Amino acid sequence: IHEIIEDDSDYELQVNPTVDCNFRCWYCYENHVKGSRMDVCMVEKVKRHIDKVLSTHHHLQRLHISFFGGEPLMYFSTVAGPLIAYAKKACADKGVRFMLHFTTNGYLLNRKMIEAFEGIPASFQITLDGAREQHNRTRFMPNGKGSFDRIVQNIKSLTDFGHVVILRINY
């Protein structure tokens with residue numbers, strides 16, 4: 001047990017960019033603070049933390065960053081995107097393998113985001129609330145339009161790029 005605890009070859013960093021979400025599912029436990037997100041100062045602090053980990057964990061082989069929330073893909077261009085780009089380069093400079101994970105509803109994924117994951121082993125836990133009809137009754141846009149088809153298309157896009165998708169089916 002002591003050997004496992006002292007092992008510094010892996011480091012996992014959990015980042016919660018926001019507690020806001022693009023949906024308001026009736027069963028969600030989050031408080032959904034509208035507009036909440038990590039500010040530029042906090043993003044810089046996370047970057048400094050990554051630098052510290054990379055310089056002090058002398059046996060580090062893998063850095064894992066996991067994003068969750070609310071919906072962690074909200075504000076991607078100002079929070080998760082810059083952190084991913086920074087960690088990718090910093091890890092490459094140190095010869096450390098960088099790995100990425102998102103727990104997400106999958107709706108906001110787009111090609112630009114998926115391209116940002118290029119060259120990074122990335123996995124995504126994406127939730128569905130059953131088949132199309134059931135899902136769309138629970139998780140829909142403010143205009144009433146369902147989200148199932150777009151989420152499934154985004155899952156297909158991720159797998160086309162070779163990323164791992166873990167489906168969580170809420171029942």
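The values are calculated or read from the model by the stated rules, or taken from the named source; none is laboratory data. What you see is a predicted model; the values in this text were computed from it and never measured. Note that each Cβ is placed from the backbone with ideal geometry, even for glycine, and that neighbours are counted across all protein chains shown. The protein model used for the area step is the full one, side chains on, heavy atoms only, and it has no ligands, DNA or RNA in it. Shrake-Rupley method; radii C 1.70, N 1.55, O 1.52, S 1.80 Å.
Put +1 on the Cβ of each Lys and Arg and -1 on the Cβ of each Asp and Glu in the chain; which of Ile166, Asn22, Pro142 then has its Cα farthest toward the positive end of the dipole? Of Ile166, Asn22, Pro142, it is Pro142. When the Cα positions of His49, Val33, Ala80 are compared along the charge dipole of segment 32-109, His49 comes out farthest toward the positive end, with charges on each C-beta of Lys, Arg, Asp and Glu.
Of all DSSP beta bridges in the chain, what percent run antiparallel (nearest 5)?
5
The residues packed around Thr104, meaning those with a beta-carbon under 11 Å from its beta-carbon, carry a net charge of 0 if Lys and Arg are +1 and Asp and Glu are -1. Expressed as an acute angle from 0 to 90° and rounded to the nearest 10, what is the orientation of the C-alpha long axis of helix 80-94 relative to the principal long axis of the chain? Approximately 30 degrees, to the nearest ten.
Please determine, in degrees from 0 to 90 and to the nearest 10, the orientation of helix 148-160 with respect to the longest principal axis defined by the Cα atoms of the chain, where the helix direction is its Cα long axis. Computed tilt is about 30 degrees. Centre-to-centre separation between the Cα atoms of segment 101-171 and those of segment 33-51: 24 Å. Could you tell me what percent of the accessible area of segment 84-133 is made up of carbon and sulfur, with a 1.4 Å probe and every protein chain present? C and S atoms contribute 52 percent here. Excluding ligands, DNA and RNA, the accessible surface per residue across segment 1-149 is 56 Å² with a 1.4 Å probe. When the chain is treated as a Gaussian network with alpha carbon springs shorter than 10 Å, the biggest mean-square fluctuation among Arg132, Arg37, Arg62 belongs to Arg132. For segment 38-171, the tally of Lys pairs with Cα-Cα distances below 22 Å comes to 14, considering only residues 8 or more apart or on different chains.
Given a Förster radius of 45 Å and the C-beta distance between Asp149 and Tyr86 as r, what FRET efficiency does 1/(1 + (r/R0)^6) yield to the nearest 0.05? Please report the intermediate quantities before stating the final value.
Details: r = 34 Å, r/R0 = 0.75.
Efficiency, rounded to the nearest 0.05: 0.85.
Could you estimate the translational diffusion coefficient of segment 41-134 from the Stokes-Einstein equation, with Rh from the Kirkwood formula over C-alpha pairs, at 10 °C and 1.306 mPa s, in whole µm²/s? The diffusion coefficient I find is 111 µm²/s. Note on the chain: with a GNM built from Cα contacts shorter than 10 Å, the maximum mean-square fluctuation among Ile84, Ile114, Ile65 falls on Ile114. Note on the chain: GNM, Cα springs under 10 Å; of His57, His135, His101, the largest mean-square fluctuation is that of His57. Using C-alpha pairs under 8 Å with a sequence gap of at least 6, the mean separation divided by the residue count of the chain gives a relative contact order of 21 percent. Global size of the chain: 17.1, 55 Å for Rg and Dmax (C-alpha atoms, Rg to one decimal, Dmax whole).
Listed highest first by mean packing, meaning other Cβ atoms within 10 Å per residue, what order do 49-55, 39-45, 120-126, 4-10 come in?
Details: 49-55: 14.7, 39-45: 12.1, 120-126: 18.3, 4-10: 9.9.
For the peptides 49-55, 39-45, 120-126, 4-10, the packing ranking is 120-126, 49-55, 39-45, 4-10.
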